[in-house]
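The values are calculated or read from the model by the stated rules, or taken from the named source; none is laboratory data. Since the structure is predicted, the reported quantities are computational estimates derived from the model, not experimental observations. Here the Cβ is made from the backbone with ideal geometry for all residues, glycine too, and neighbour counts use every protein chain on show.
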Amino acid sequence: MEVSSEEDLTLTSLYAGSDKRPNAIMAVFGDGSRWTYRDGLRVARRAGDALVASGVGEGDHIGVLLPEGPAAVGARLGICMVGAALVSLDAGTAGRALARALQLAHPALVISTGTFIERIRAVDGPPILDVVELFGGR
């Protein structure tokens with residue numbers, strides 16, 4: 001992912017950018033998709049709302065086990081929107097290593113999708129929020 005500046009990775013700059021230059025490109029992803037500041041804020045709010053609806057609150061530890069891309073960035077922004085703590089899980093982790101990471105981080109839930117969900121279930125991990133649910137079926 002490319003961002004227009006390092007500053008653009010903060011919620012403060014996301015709000016400021018959406019006010020001052022809503023149609024300016026905030027990020028370009030490896031798949032070629034682009035987000036404007038308006039898009040970034042919309043995604044962050046949608047993810048934050050879905051997390052709150054799932055019972056996530058300020059200070060909760062929330063895992064993210066997703067491949068890099070728009071969904072992972074959106075999940076991270078949503079976690080920040082609700083004041084939760086991000087637990088970034090390596091997409092290459094599985095089995096005992098994943099079980100240990102989940103045990104140490106003790107996330108309230110993990111945002112994931114596809115085969116990653118199966119990895120979490122295989123180690124009796126915490127509740128899972130499918131990224132499809134996070135973004136309202138998109």
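The table below gives the values:
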item: Any chance Thr113 is among the β-branched types (Val, Ile, Thr), modelled with pLDDT under 95 and more than 17 Å from the chain's Cα centre (by Cα); result: no
item: Filter result (assigned to a helix (DSSP H, G or I) and not charged (D, E, K, R)) within segment 98-107; result: Leu98, Ala99, Ala101, Leu102, Gln103, Leu104, Ala105
item: Index of the failed condition, Val110 passing every other in (1) assigned to a helix (DSSP H, G or I); (2) closer than 17 Å to Ala53 by Cα; result: (1)
item: Qualifying residue in segment 60-73 (condition: assigned to a loop (DSSP other than H, G, I, E, B), modelled with pLDDT of 95 or more and either on the phi > 0 side of the Ramachandran plot or surrounded by fewer than 20 Cβ atoms within 10 Å (Cβ to Cβ) (or both)); result: yes
item: Arg100, sole failed condition from (1) surrounded by 16 or more Cβ atoms within 10 Å (Cβ to Cβ); (2) at pLDDT 95 or above; (3) out of contact with any Phe, Trp or Tyr (no Cβ under 7 Å at 6 or more places or on another chain); result: (1)
item: Options Asp90, Asp124: the member that is among the acidic types (Asp, Glu) and at positive phi; result: Asp124
item: The one condition in (1) touching a helix residue (DSSP H, G or I) at 6+ places or on another chain (Cβ under 7 Å); (2) more than 20 Å from Thr113 (Cβ to Cβ); (3) not charged (D, E, K, R) that Val28 fails to fulfil; result: (1)
item: Residue list for segment 48-59, restricted to those being free of Cβ contacts under 8 Å to residues at least 60 places away in the same chain and either assigned to a helix (DSSP H, G or I) or within 9 Å of the chain's Cα centre (by Cα) (or both); result: Gly48, Asp49, Val52, Ala53
item: Count of residues meeting criterion [assigned to a helix (DSSP H, G or I) and within 18 Å of the chain's Cα centre (by Cα)] in segment 82-97; result: 1
item: Flag if Leu14 is of a type in the set (A, V, I, L, M), surrounded by 15 or more Cβ atoms within 10 Å (Cβ to Cβ), modelled with pLDDT of 90 or more and not in a strand (DSSP E or B); result: no
item: Single match in Arg38, Arg45 (criterion: of a type outside the set (Val, Ile, Thr), over 12 Å from the mean Cα position of the chain (by Cα) and either surrounded by fewer than 18 Cβ atoms within 10 Å (Cβ to Cβ) or closer than 19 Å to Phe116 by Cβ (or both)); result: Arg38
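Let's see how each residue does on (1) more than 16 Å from Leu134 (Cβ to Cβ); (2) aliphatic (A, V, I, L, M):
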residue	(1), (2)
Thr10	yes, no
Gly32	yes, no
Arg42	no, no
Leu77	no, yes
Met81	no, yes
Gly92	yes, no
